[in-house]
Structure formats: structure tokens, C-alpha cells
1. Taking the residues in the stretch 251-274 that are under 14 Å from the mean Cα position of the chain (by Cα) and more than 19 Å from residue 457 (Cα to Cα) as candidates, determine which candidate is most open to solvent (accessible area, probe 1.4 Å).
2. Do you know which of the residues in the stretch 399-444 that are open to solvent by less than 20 Å² (accessible area, probe 1.4 Å) and assigned to a strand (DSSP E or B) is modelled with the highest pLDDT?
3. For residues that are open to solvent by 10 Å² or more (accessible area, probe 1.4 Å), touching a helix residue (DSSP H, G or I) at 6+ places or on another chain (Cβ under 9 Å) and in a loop (DSSP other than H, G, I, E, B), tally how many sit in the stretch 14-29.
4. Across the stretch 212-262, what is the number of residues that are within 18 Å of residue 282 (Cβ to Cβ), among the charged types (D, E, K, R) and assigned to a loop (DSSP other than H, G, I, E, B)?
5. In the list 502, 518, 487, which residue meets the criterion of being over 31 Å from the mean Cα position of the chain (by Cα) and not hydroxyl-bearing (Ser, Thr, Tyr)?
6. Looking at the stretch 362-398 only, could you name the residues that are open to solvent by less than 20 Å² (accessible area, probe 1.4 Å) and basic (Lys, Arg)?
7. Cβ-Cβ under 7 Å, sequence separation 6+ or interchain: first residue in the stretch 112-128 and more than 22 Å from residue 279 (Cα to Cα) and touching a residue at least 24 places away in the same chain (Cβ under 8 Å), partner outside any strand (DSSP E or B) and among the basic types (Lys, Arg). Which pairs?
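The values are calculated or read from the model by the stated rules, or taken from the named source; none is laboratory data. Remember, predicted model here, so these are calculated numbers, not experimental data. Note that each Cβ is placed from the backbone with ideal geometry, even for glycine, and that neighbours are counted across all protein chains shown. Surface accessibility is based on the protein's heavy atoms, side chains included, excluding ligands, DNA and RNA. Shrake-Rupley method; radii C 1.70, N 1.55, O 1.52, S 1.80 Å.
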Amino acid sequence: MKQALLAGRTAGLRPAQRRQLERLSHRRHPEDALADLISLQRLAAASQELELPLSLVVDGRGLTRLLWVGPLQQSGQLLEKLPGGRRRQSGGVRLVSCCPRGMPLEPGPQEGVVALDLQPDLWLRFADRPGKGGQWPAAVLVPSSAANPWQVQASGELAALATTPAPEAGTADQAPAGQPPPDRSGQGRGERVLLLVLCQEPRPACERRIAEMEGLVRSAGGHPIGVVEQRRSQVTPHTIWGEGKLAEAALEARRLGAELVVTDRELTPVQVRNLERLLDLPVSDRSEVILDIFAQRAGSAAGRLQVELAQLRYRLPRLTGRGRSLSRQGGGIGTRGPGETQLEKDRRAIARRIERLQRQVVDLGAHRARLRQGRGQQHRLALVGYTNAGKSSLLNALTRSQGRQAVLVANQLFATLDPTTRRLELPAQGGGDKETGLPPQPPEAVLITDTVGFIRDLPPPLVEAFRSTLEETLDADGLLVVVDLNDPAWPEQRQTVHTILDQLGAGSRRRLVANQIDRCPAGELERARALEPDALFVSATAGLGLRHLKGELALWLRDSAAAAGPASGSDRCPPRPCPSHP
């Protein structure tokens with residue numbers, strides 16, 4: 001098996017230069033010292049000739065596993081080229097780098113982070129030529145827990161440092177001082193995620209934003225392990241965050257063993273590429289996480305159809321080319337040339353798929369319209385609100401649905417995607433007419449629908465794909481805006497729901513239903529009454545206020561029908577905006 005691999009910027013090497021570097025990669029270094037001095041001097045001569053930095057990855061036995069030509073920029077490329085994979089990286093790995101003229105011995109932020117991914121015990125860096133007085137400057141660096149990923153352990157003459165005893169095997173996996181050892185096994189509670197947050201609002205609002213991002217990551221199956229936030233009024237167009245803060249985030253990701261970086265801002269394709277280049281880790285934005293949650297939650301064929309359409313609309317402008325491939329294999333006139341790029345093929349294939357899905361979504365909307373039309377003149381109510389506000393729990397409590405008839409209830413974001421409609425019996429009003437002997441009015445039945453939850457900055461592709469589902473909300477006679485009083489951010493969530501409804505063109509009357517009254521602070525009740533005096537207070541889990549809610553709904557619908565008048569030809573309440581909504 002080949003002992004070492006030559007990789008990096010090798011495309012322009014002459015055959016003689018390639019043979020010289022391959023001979024250097026096969027030289028063995030002593031096991032009880034850092035490196036062989038003669039090999040380092042020959043490495044310096046090669047670096048002078050190429051005017052490029054050269055790096056060696058040496059294992060605990062003194063064998064060179066990899067000779068990398070050029071700067072250390074992408075750790076993924078190095079780890080892929082390293083023979084034996086991660087199995088051979090653990091235990092006594094040393095990194096040796098020769099720096100050409102003008103390159104400082106202290107590594108920059110980018111190469112320092114890449115070197116951390118190799119998990120070496122130490123890093124020997126030296127110049128490609130001696131300095132004044134014949135002294136050959138060199139430095140030995142070790143991983144650090146400070147702001148700089150590497151700290152100088154020793155510096156001086158190269159010959160003296162090269163004979164320094166090598167560290168004992170196994171120290172590469174030790175965590176920096178004061179830091180827990182990162183879990184790199186890939187097992188546990190899911191993908192390890194570092195959150196990258198930009199704060200431009202007051203501190204309480206920023207903390208709520210971070211908490212919401214952590215909830216989204218957990219709902220997507222990830223495990224948030226850390227947060228890097230920056231407070232700034234102006235953003236950098238090509239990266240949003242400053243490069244200094246990104247260097248700090250890259251170092252924090254290595255210390256915590258993060259596998260993915262998630263941002264709280266929607267990113268353009270160029271910003272994603274820039275962030276991945278600077279962080280040297282995969283980057284996802286908030287919209288991509290929400291789309292992933294919807295893809296996991298979609299259980300019905302209609303839900304999967306709409307989620308796929310939203311994902312394709314999101315990914316279409318974010319495609320990147322994968323090189324050129326010939327689209328025509330003939331050899332005659334008109335069949336030669338570079339052909340068609342793979343990027344163009346992918347775009348055309350996705351565009352065809354989007355067009356096909358759009359037709360199916362139109363058919364789905366027509367099917368839902370026929371279902372609503374077949375329900376006759378029955379009153380319809382819709383439960384709307386922020387995600388995880390308790391809409392499904394309230395529907396089950398009002399309709400007394402149990403077992404297989406009950407809607408899924410989970411303490412998760414976007415646990416319900418498909419609209420679910422149930423029949424709700426409202427109490428009769430009045431005890432009949434004693435003078436005429438008329439019997440009391442029978443209970444009135446309405447249809448109540450549980451809809452998908454809202455969230456701030458809902459991705460536009462998702463709103464467009466789920467428009468046929470949201471029509472259940474737009475066509476309802478009344479909207480019950482459910483809020484969770486136990487959540488400190490419920491006023492902002494209520495405003496977000498109203499804003500989204502206004503954007504969708506929902507003109508139905510709205511009424512606030514304040515949930516979780518048995519768990520919220522006492523002051524939240526008065527706060528809700530001050531915002532909306534006609535608010536209704538319930539607890540879906542404890543069964544509090546449900547009878548009063550049904551009675552108020554019956555009066556609300558009758559008042560709406562009376563306001564519509566007999567000339568309307570229907571007793572359904574007309575779509576009117578709620579006067580208490582600002």
C-alpha cells in the first residue's frame with residue numbers, strides 16, 4: 001500500500017518536481033523526535049523553488065502520510081486525501097509546515113482552523129531559508145483554548161526544535177484546558193449544530209430569537225451545542241457577519257465538535273459559499289431548516305407534494321455546477337464542443353419537476369374547493385396561530401376527539417401540517433318561547449379546522465406551495481387566533497400571525513383565544529385583556545373555559561349572521577376584519 005500521498009496544488013508541477021516531492025514524502029522521521037533535520041532542509045529548498053508552502057502530516061511511527069502543496073484552506077480536502085481516514089489520524093499525529101518568504105510563522109485564522117481539523121498533537125512551522133546570522137527561525141505550536149487556536153510552545157533555531165522529543169501517542173484527542181472533549185462519534189442526539197446569530201434588536205428579543213432557533217434545530221433532529229452572536233447595526237453584504245466574528249465561529253465550532261452551522265438569517269447562494277469557505281463547514285440558513293422540518297412532518301400525499309414543491313423552489317437558485325459533461329455523444333457536425341454544463345441540466349430538470357408539481361397543487365386546490373362546497377351552508381371556524389401554541393390540543397379538547405380520531409399533539413414546532421376538520425356541537429341559546437310553546441333551539445353544529453402553524457419570516461416558497469392548504473383559513477367564517485400565554489413572546493407572535501393573515505388576504509373576523517391560563521403568570525391575563533378586550537381564556541390540557549368558549553362562539557356566529565341580514569341569502573357570517581386588530 002502506498003505510504004504517503006502527494007496532494008494539493010500539483011497540477012502545474014514538472015515531472016522532476018513531482019519526483020522530488022514524492023521522495024520527500026517517503027523519507028521517515030524519527031519516532032523519538034519531532035522531525036528529521038535533513039528532510040526539513042530539503043523541504044525548504046522545494047518550497048523556495050515552488051514559492052508555495054509545503055506541509056507534512058507525520059504519524060506516531062514517523063511515517064509521512066500526506067504532503068500537501070499550497071496553503072491549508074479546506075480541511076475537507078485534506079481529510080479526504082489522508083490515507084487511512086480518521087482511523088489513522090488518532091494518536092501522535094504531527095503537522096510540519098514550511099513557510100515561504102513573506103509568510104509569518106504564526107498561522108492565520110483560516111489555516112489555524114484547518115490545522116485543528118487534522119487533530120495534531122503539535123505543529124512545527126519554520127521558514128524556507130535561514131535568517132541573519134545563519135539562524136533558521138522555527139516555532140512549535142500546540143492547540144489552545146484561547147481566542148487564538150494555536151499558541152507558541154517553543155521558538156528558536158530549527159535544528160534545536162527538530163530534536164525535541166515527540167509527544168506521547170493519544171494526546172491529540174485531549175480537549176483544550178477548560179473545554180469538554182468533543183463528541184466526534186456521530187452518535188447521540190443528532191447532528192451537532194452551532195448557531196450563528198446576528199442581533200439587531202434589544203437583548204430580550206435577541207434571546208427569544210436564539211431560543212426559537214434552538215427549537216427549530218431540535219425539531220429538525222439536530223442538537224444545538226453552542227451560539228455565536230454578533231451585535232451590529234450594518235451587515236456585510238457578502239457574508240452578513242464580520243470576518244473576525246466568522247473566524248471566532250470557526251474556532252468555536254472546532255472546540256465543540258460542530259458538524260453544521262445554522263444561521264438565523266436567510267442567505268443568498270453567494271453568501272452561503274462565502275460562509276462555507278470561511279468557516280470550512282456546511283452552512284444552512286433558517287429557511288432550509290424549516291423546509292427540512294416540513295419534509296419530516298409531511299405524512300399525507302398532499303403534504304409531501306407541497307413540501308417537495310417548496311424545497312425545489314428554494315433550491316433552484318442555489319444550484320452550483322459540477323463541471324462540464326457532453327450532452328451529445330455523436331461525432332458529426334453540430335455535435336462537438338464543450339456541450340452543456342451539468343448546472344443547466346439540473347436547472348432544466350428541476351424546472352420540469354416544479355411545473356409538474358404546480359399542476360398537481362392546482363388540482364389539489366380544486367379538490368379542496370369541492371370539499372368545502374360540499375359542506376353546504378355550515379358555519380366554518382379555523383384555528384390559527386403561531387406554531388406550538390396549542391391549536392391541536394384545543395381542537396381535541398373542544399371536539400372530545402380521542403384515539404385515532406384525535407389530532408397529533410406534540411411539543412414540537414410544526415407538528416401539524418395537513419388541515420384537519422372536525423364537527424363541533426355548540427350549545428343552544430335560550431330555553432324556548434313559553435307563550436308560543438316553541439321548543440328550545442337544538443344545538444348548532446359548526447366545522448372547525450386545525451391549520452398549519454405560522455412563524456415569523458415564513459419562507460416565501462413554503463407560503464406559495466401551501467397556498468391551497470391555507471385556503472382553508474381564508475374561506476372560514478371566523479378565525480380563532482390561539483396564543484400561548486405561558487410563552488413570554490406571545491404578543492409578538494400574535495402580531496406575526498395577524499401580519500401573515502393580512503398578507504394572505506384573510507378578511508374573516510378574528511378573535512383571540514388565550515391558551516394555557518393554568519400555567520401562565522397572573523399578569524398575562526390582564527395583558528391579553530388590554531390588547532383585545534373580547535379575548536377568550538382557556539386551558540386545552542386542563543379543560544378550563546371550554547364551555548364558556550363554546551357559548552361565546554355560538555353568540556359570535558349568531559351575531560355575525562344577524563349582521564349579515566336576510567338579504568344575503570345565507571346565514572353564514574360575512575368576511576369582516578376584526579375591529580380590535582390594529
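1. 259
2. Step by step, filter the stretch 399-444, then rank; the result is 424.
3. Within the stretch 14-29, residues that are open to solvent by 10 Å² or more (accessible area, probe 1.4 Å), touching a helix residue (DSSP H, G or I) at 6+ places or on another chain (Cβ under 9 Å) and in a loop (DSSP other than H, G, I, E, B) number 2.
4. The total comes to 1.
5. Step by step, each of 502, 518, 487 is checked, and only 518 is over 31 Å from the mean Cα position of the chain (by Cα) and not hydroxyl-bearing (Ser, Thr, Tyr).
6. Result: 380, 391.
7. Filtered contacts from the stretch 112-128: 128/101.
The rows are residues; the columns are (1) surrounded by fewer than 19 Cβ atoms within 10 Å (Cβ to Cβ); (2) hydrophobic (A, V, I, L, M, F, W, C); (3) at pLDDT below 90; (4) in contact with a helix residue (DSSP H, G or I) (Cβ under 6 Å, 6 or more places away or on another chain).
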{"site": "471", "(1), (2), (3), (4)": "yes, no, yes, no"}
{"site": "479", "(1), (2), (3), (4)": "no, yes, no, no"}
{"site": "490", "(1), (2), (3), (4)": "no, yes, no, no"}
{"site": "494", "(1), (2), (3), (4)": "no, no, no, no"}
{"site": "506", "(1), (2), (3), (4)": "no, yes, yes, yes"}
{"site": "514", "(1), (2), (3), (4)": "no, yes, no, yes"}
